[in-house]
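Undergrad: Here it is: the structure, laid out below.
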Amino acid sequence: MNAPGYELFQRSRNGDAEAFRRIVESHQSYAFAIAFRFLGNEADAEDVVQESFINVWKHLADYDPRKKFSTWLYRIVANRCLDCIKSRNRRRESGPMDPEGVDSRQSIEDPEKTGDDRERLKLVNALVRELPEKQRLVFILRDLQDLSIEETSGILTISKASVKSNLFHARKFLRERIEQLDKKGL
């Protein structure tokens, strides 16, 4: 039995742009959510997603359709996010930029949230950006995108133990920072 979407992948591999467009449409919002949560900037997230799908198109022959496509795609998105962060850091070292390296007007807000929930979400989003890159990626994939330990491990090509360790440290950091801010009344 072929995996769901097998026919689309086969057609895409044979150069069918319409089949590939359907693959992109079915996965782009989730890829964007990961990129946006990681980068905190809509323009950068859009660029990363576009670059990721270009990479997917170029390497469709390398994809094994018996395996989960989303794991392969999100690994590509995660790597592009890391490339974007490195590029930001190089630009920051070589020229003027805002102190955060991120458009301060951009946030990872859920428009459904209101009042205190919205403020708490802004705080968590700001704190997530303070995490080291690997912890940030693990936290976003596992806790914000609700992927399993196994899926996160596959996407990041790290062991399950490393996912758990990074997740532990990310959660600990966030919990401690939120407690510190709560004590200060912020």
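Undergrad: Please state which of the following conditions V56 fails to meet, knowing it meets all the rest: (1) modelled with pLDDT under 90; (2) more than 15 Å from the chain's Cα centre (by Cα); (3) crowded, with 18+ Cβ neighbours inside 10 Å.
TA: (1)
Undergrad: Only residues that are at pLDDT 90 or above and surrounded by 15 or more Cβ atoms within 10 Å (Cβ to Cβ): list them for the stretch 154-176, please.
TA: Of the residues in the stretch 154-176, the ones at pLDDT 90 or above are 158-176.
Result: I158, S162, V163, K164, S165, N166, L167, H169, A170, R171, F173, L174.
Undergrad: Being of a type in the set (D, E, K, R) and modelled with pLDDT of 85 or more is the requirement here; does E151 meet it?
TA: yes
Undergrad: On the basis of being surrounded by fewer than 20 Cβ atoms within 10 Å (Cβ to Cβ) and small (G, A, S), does S29 make the cut? Give the steps one after another, and end with the answer.
TA: Numbers: surrounded by fewer than 20 Cβ atoms within 10 Å (Cβ to Cβ): yes; small (G, A, S): yes.
Criteria met by S29.
Undergrad: Here is a follow-up. Regarding I140, is this residue of a type in the set (A, V, I, L, M, F, W, C), assigned to a helix (DSSP H, G or I) and either crowded, with 18+ Cβ neighbours inside 10 Å or without any contact (Cβ under 8 Å) to a residue 40 or more places away in the chain (or both)?
TA: Against the criterion (of a type in the set (A, V, I, L, M, F, W, C), assigned to a helix (DSSP H, G or I) and either crowded, with 18+ Cβ neighbours inside 10 Å or without any contact (Cβ under 8 Å) to a residue 40 or more places away in the chain (or both)), I140 qualifies.
Undergrad: Hey, I34 hits all of (1) at pLDDT below 85; (2) within 17 Å of E151 (Cβ to Cβ) but one; which does it fall short on?
TA: Here I34 clears every test but (1).
The values are calculated or read from the model by the stated rules, or taken from the named source; none is laboratory data. None of the values given here were measured: they were computed from a predicted structure. Backbone-built Cβ (ideal geometry, glycine too); neighbour counts: all protein chains shown.
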